[in-house]
1. Among the strands (runs of 3 or more DSSP E) contained in the range 19-100, which hold 1 or more residues that are surrounded by 20 or more Cβ atoms within 10 Å (Cβ to Cβ) and in contact with a Ser or Thr (Cβ under 7 Å, 6 or more places away or on another chain)?
2. If I ask for residues that are out of contact with any strand residue (DSSP E or B) (no Cβ under 8 Å at 6 or more places or on another chain), within 9 Å of ligand 1 (Cβ to nearest atom), farther than 30 Å from residue 303 by Cβ and in a loop (DSSP other than H, G, I, E, B), which ones from the range 238-283 would you list?
3. Residue pairs, Cβ under 6 Å, 6 or more apart or interchain, first in the range 191-207 and within 14 Å of residue 175 (Cβ to Cβ), second aromatic (Phe, Trp, Tyr). List them.
4. Can you pull out every residue in the range 112-135 that is buried (at least 20 other Cβ atoms within 10 Å of the Cβ), more than 11 Å from ligand 1 (Cβ to nearest atom), not aliphatic (A, V, I, L, M) and not in a loop (DSSP other than H, G, I, E, B)?
5. Of everything in the range 227-237, what is under 24 Å from residue 291 (Cα atoms) and either within 11 Å of ligand 2 (Cβ to nearest atom) or in contact with an Asp or Glu (Cβ under 9 Å, 6 or more places away or on another chain) (or both)? Give them in sequence order.
6. What's the number of the condition residue 180 fails, among (1) surrounded by 16 or more Cβ atoms within 10 Å (Cβ to Cβ); (2) closer than 24 Å to residue 299 by Cα?
7. Is the range 272-280 home to any residue that is crowded, with 19+ Cβ neighbours inside 10 Å and closer than 19 Å to residue 17 by Cβ?
8. Out of 62, 124, report the one residue that is touching a residue at least 24 places away in the same chain (Cβ under 8 Å) and more than 25 Å from residue 161 (Cα to Cα).
Amino acid sequence: MFFILLVLGLIFLAYIFRQVLVIGKSCKSNAKLHGKTVIVTGSNTGIGKATAIEIAKRGARVILACRSKQRGEAALQDVKRESGSNQIVFMQLDLGSLKSIRSFAENFLKSEPRLDILINNAGVVLVGRTEDGFGTMFGVNHLGHFLLTNLLLDRLKDCAPSRVVTVSSTAHNWGRVDFNYLNTHKDLREGTSFWDSVMIYGDSKLCNVLFTHELAKRLQGTKVTCYSLHPGSIYTELARNKSSFVQMVLKYMGMYFFKNAVQGSQTTLHCALQEGIEHLSGRYFSDCTVRKVFKKAEDDAASKKLWDISERFCGI
Ligand SMILES: NC(=O)c1ccc[n+]([C@@H]2O[C@H](COP(=O)([O-])OP(=O)(O)OC[C@H]3O[C@@H](n4cnc5c(N)ncnc54)[C@H](OP(=O)(O)O)[C@@H]3O)[C@@H](O)[C@H]2O)c1
Ligand SMILES: *[C@@H]1O[C@H](CO)[C@@H](O)[C@H](O)[C@H]1NC(C)=O
């Protein structure tokens, strides 16, 4: 009898733990988006796709900005079907190529009159170099979104109130930005091992938080606001370039400890849609709640320095 009660008690505790600490809160906003246009980068899979579906359900015109034509067009069909909307467009965007970003922006600005929300969601955990010779994670996770945002900023201002939402990660907590190394190596730090990639990923996600911090200052008085966030731990394709051992561990751990993609899109949706958070522009969210960050993630000098070097790298 006692044993049965103990087991039931443990199951109950495990259930509560999962509900509160793993799944967490969901976006409470009922905002409708008819007549609005939203770009979601990396929306052919993972939480980007779940975000695109929810935004499409709310009536927005959604631009799926994805690097692979094949994967993007397959996602286009899925997003249309699952949202019941036909206001969905695929536009090719490879964030690892400054040229591709420029041609995406040109194409977008020419063909679409509005931009109300830009969601910088795409991300990779992969060492290597981009087309322009930057470290892959610095180039795709930070620099690509930096250039994209800058090229679209005037359109966002024209459509204000508007928002820029950048998906960072709790991994930014172990990140750092070594400007000397960045300057000479066009990358965040040395190394190609599994752990190096995890560290560099953290660095690139710190760049996302610093970028948002600086962007908010530059946008003061414009009614364009911006937010960075941690989406939670979600079993997606993010670990696709890791060993099958790592993928297996994540998969089985994930069944209990991770969210699904819909749950993982809630904080992005909160930052994109929630009314009344405009005074929190530049801040970092997790579990649909604004969070305090370490000094290094709201460092005025570092965020300004990152902005300047990013401008130089992009040639703007
Ligand atoms: N999953 C988690 O637990 C977790 C935790 C914290 C933060 N995040 C962040 O959440 C965001 C979404 O990740 P996810 O978990 O949904 O991962 P995912 O399933 O791997 O999706 C990543 C998306 O980014 C796209 N992408 C990668 N490189 C690109 C490039 N060069 N140009 C354009 N798009 C590119 C991918 O396109 P392809 O399919 O063509 O490669 C894919 O659509 C990332 O920023 C990630 O860092 C995730
Ligand atoms: C990363 O993984 C994807 C999917 O498995 C594969 O198509 C791609 O070539 C890999 N990239 C690298 C550089 O290993």
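The values are calculated or read from the model by the stated rules, or taken from the named source; none is laboratory data. These numbers were taken from a predicted model, which means no experiment stands behind them. With ideal geometry, Cβ positions are generated from the backbone for all residues, glycine too; neighbour counts draw on all protein chains shown.
1. Hits in the range 19-100: 37-41, 61-66.
2. Hit for the range 238-283 is 240, nothing else.
3. Final answer for the pair search is 202/174; 204/138.
4. The one that is buried (at least 20 other Cβ atoms within 10 Å of the Cβ), more than 11 Å from ligand 1 (Cβ to nearest atom), not aliphatic (A, V, I, L, M) and not in a loop (DSSP other than H, G, I, E, B): 135.
5. Once the filter is applied, which keeps residues that are under 24 Å from residue 291 (Cα atoms) and either within 11 Å of ligand 2 (Cβ to nearest atom) or in contact with an Asp or Glu (Cβ under 9 Å, 6 or more places away or on another chain) (or both), the range 227-237 yields 230, 232.
6. (1)
7. No, that holds for no residue.
8. 124
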